[in-house]
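Contents: one structure, followed by commentary.
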Amino acid sequence: MTKILVDDVEVDVPPHYTLLQAAEAAGMEVPRFCFHERLSIAGNCRMCLVEVKGGPPKPQASCAMNVRDVRGGPDGSLPQFFTKSPMVKKAREGVMEFLLINHPLDCPICDQGGECDLQDQAMAYGVDSTRYTENKRAVEDKYIGPLVNTVMTRCIHCTRCVRFTTEVAGITELGLVGRGEDAEITTYLEKAMTSEMQGNVIDLCPVGALTSKPYAFNARPWELQKTESIDVMDAVGSAIRVDTRGREVMRIVPRLNEAVNEEWISDKTRFIWDGLKTQRLDRPYIRENGKLRPAGWNEAFAVIAAKVKGAKVGAIAGQLAGVEEMFALKALVKALGSTSTDSRYPGNPLNPANGRASYLFNSTIAGIEEADSLLIIGSNPRKEAAVLNSRIRKRYLKGKFTISVVGENANLSYPTTYLGAGIESLAGYKPAGEKPMVIVGQGALNRADGAAVLAAAAKLALDIGAVKDGWNGFNVLHTEAGLVGALDLGFVPGEGGLDTGAMLKGGVDVLFNLGADEIDVPAGAFVVYQGTHGDRGAHRADVILPGAAYTEKSATYVNTEGRVQMASRASFPPGEAREDWAIIRALSDVLGKKLPFDSLAQLRAALYAAHPHFAALDAIAAGDAKDVEKLAKLKGKAEKAPLASAVSSFHLTNAIARASKVMAECAALAAGNAKIAAE
């Protein structure tokens, strides 16, 4: 650690800190446009100038100078720099004047208004007139895809977007071409960007050059009600903020969570919101003579009650189901005398009976940065968990990190060694380093030989030392937000109960489908579908009960690493739709099996009594490493069929995504790019 004086305030900071970071540690505010803590240093906006005592007779860029480079006085006094001296004030005002020379007078009609760094800094360091009388420079707007809107005349060439796409997203599609007056940031050929993380450049842009295309001109930031919540588009559990106006979700932006998503979110997380208001189920429906017709709640419940009498009942939970509604549904099915509940695809061997470590991302997402080798089995993290994939890339950039792949040989945004397509390719794999990591994807498990594949992966993890004292590098990467919570809850077949495959083959007379849209229910069973959109599940339903989306209810989710998180209600369900647990509670009364809770608080009290770890929000109840040994003993013979990712189209993985016009456009572009790449 090094002592340094910042405006007469003494701070003790690491010698590798920049002067800007040292100033922040001392509580001083230093303006900046190009500097970002998660990106490499460019030092090209010059807004962060400071005066170094005993240094050159001109201000220094604090983002590009380290604490170790500042010398103390000859009398032994501490090194010192100033952030508020007359020299600094004059220098920053000069830089601001230069920045505004070519910047257009767009503030009243700019979408960034109210959230613009340049606007804020101009208030502090700008002057009320300009000495520049020539015509302002104008730059043609660029097409870079359906997600990011460009007004490049406003660009101040901070290059944050270029550094983000190159370093974090792993694509080299944005760059600065030309020199001097002709310099401009572009994709050069003006084609759409291909990254699943490209929307983050909107947050990074300190001016209005890059803004959200779907959100453009819909609202001003001060009109919006802001609600902190959790994303459920994948199993990462990214921290998000949902901005609403009235009952309508206007946009979704990231929140800071160092342990999970840092400050990034995927494009699906960010732009899904238009799917929340299209193709919504807003009233109950009953199928008569092959057609669905609107009905009242009492009528729908009466039809279900008539069918349930004396019938074999089963329940399947989908990927967006919260813990509370699954807890209520499991209790209802049990009260009806059945143990046929499941939340897994047919063939998936994950089971809470094998222990929690058997189905978690045990090393944790942040733990990726500690690993020194990685083996990916039957997974494409770029499609299945884009934010987690960027963390793998971050670890790769630090060096001394080998990545091997069994399954699809896809472009993951970092170099990999391809071992082969089938599980037999694991033979002879030997990693380097002390902390090897294995990631098993759902594509390797959602098949008839899933148990054999899981056993082979677990055995390999034990053999290579991925599981040992102080380190558990055996990781299951989930793709569905609800599955870990369902496994924690024991939403799997009980004694004598049927699993998903058996229920779909006609093992039950009445099937409760809690938002499972990725399965095809054959004819025969009477299907009660409870969900949010007119998607696949609703098409097969005999009775539809309209539920609430993740932005319209308070619900608990558990992410792939086992972190318990809570999504908050930002708006209300449309029409007659209700929160899912409340629908199940009301139905239980009509069925004569009244559940013992009348409020969400009472339900959670019962949930926490049965499963105490759900009460510890943002905490991970780690599994026992011995659970991995249980997996290695699973029986079954692995087939030689190639392993494939569980996600074929990143943008269309659930009912909300398939209802989104923006996601449909992105999926079409991605399919076109994949076709060109294949050719």
* Subset of the stretch 534-578 that is among the hydrophobic types (A, V, I, L, M, F, W, C), over 24 Å from the mean Cα position of the chain (by Cα) and outside any loop (DSSP other than H, G, I, E, B) - its residue that is surrounded by the most Cβ atoms within 10 Å (Cβ to Cβ) -> L545
* Structure fact -> Of the residues in the stretch 282-334 that are open to solvent by 50 Å² or more (accessible area, probe 1.4 Å) and among the small types (G, A, S), the one that is farthest from A655 (Cα to Cα) is G310
* Can you tell me how many residues in the stretch 405-438 are open to solvent by 40 Å² or more (accessible area, probe 1.4 Å) and assigned to a loop (DSSP other than H, G, I, E, B)? -> 12
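Let's see how each residue does on (1) in contact (Cβ under 8 Å) with a residue 12 or more places away in the chain; (2) exposed (fewer than 14 other Cβ atoms within 10 Å of the Cβ); (3) in contact with a strand residue (DSSP E or B) (Cβ under 9 Å, 6 or more places away or on another chain); (4) more than 30 Å from K398 (Cβ to Cβ):
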position: L99; (1), (2), (3), (4): yes, no, no, yes
position: P108; (1), (2), (3), (4): no, yes, no, yes
position: D111; (1), (2), (3), (4): yes, no, yes, yes
position: Q121; (1), (2), (3), (4): yes, no, no, yes
position: Y125; (1), (2), (3), (4): yes, no, no, yes
position: T133; (1), (2), (3), (4): no, yes, no, yes
position: L147; (1), (2), (3), (4): yes, no, yes, no
position: T150; (1), (2), (3), (4): yes, no, yes, yes
* To do: Would you check which residues across the stretch 476-525 are at pLDDT 90 or above, among the small types (G, A, S), assigned to a helix (DSSP H, G or I) and farther than 24 Å from A548 by Cα and list them?
  => G501, A502
* Structure fact -> Residue hits (the stretch 1-32; in a helix (DSSP H, G or I) and either within 15 Å of R71 (Cα to Cα) or in contact with a helix residue (DSSP H, G or I) (Cβ under 9 Å, 6 or more places away or on another chain) (or both)) are L19, Q21, A22
* Tally time: how many residues in the stretch 579-594 are in contact (Cβ under 8 Å) with a residue 24 or more places away in the chain, farther than 21 Å from V323 by Cβ and in a helix (DSSP H, G or I)? -> 1
* To do: Exactly one condition in (1) touching a Ser or Thr at 6+ places or on another chain (Cβ under 8 Å); (2) at pLDDT 90 or above; (3) within 26 Å of V168 (Cβ to Cβ) is not met by Y414; state its number.
  => (1)
* **Subset tally (residues that are in a loop (DSSP other than H, G, I, E, B), open to solvent by less than 60 Å² (accessible area, probe 1.4 Å) and either in contact (Cβ under 8 Å) with a residue 40 or more places away in the chain or among the hydrophobic types (A, V, I, L, M, F, W, C) (or both)) for the stretch 42-76** => 8
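Which of the residues spanning the stretch 9-41 are touching a residue at least 60 places away in the same chain (Cβ under 8 Å) and more than 21 Å from C161 (Cα to Cα)? First the steps, then the outcome.
Looking only at the stretch 9-41, we keep the residues that are touching a residue at least 60 places away in the same chain (Cβ under 8 Å), and these are 10, 19, 23, 31, 33-34, 36, 38-40.
Answer for the stretch 9-41, where residues must be touching a residue at least 60 places away in the same chain (Cβ under 8 Å) and more than 21 Å from C161 (Cα to Cα): E10, L19, A23.
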* Inside the stretch 358-378, can you point out the residues that are within 19 Å of V232 (Cα to Cα) and open to solvent by less than 10 Å² (accessible area, probe 1.4 Å)? -> Y359, L360, F361, I365
* **Residue match in the stretch 351-369 (condition: in a loop (DSSP other than H, G, I, E, B) and among the β-branched types (V, I, T))** => yes
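The values are calculated or read from the model by the stated rules, or taken from the named source; none is laboratory data. Keep in mind that what you see is a predicted model, and the values were worked out from it rather than measured. With ideal geometry, Cβ positions are generated from the backbone for all residues, glycine too; neighbour counts draw on all protein chains shown. Side chains included, ligands, DNA and RNA excluded: accessible areas come from the protein's heavy atoms. Shrake-Rupley method; radii C 1.70, N 1.55, O 1.52, S 1.80 Å.
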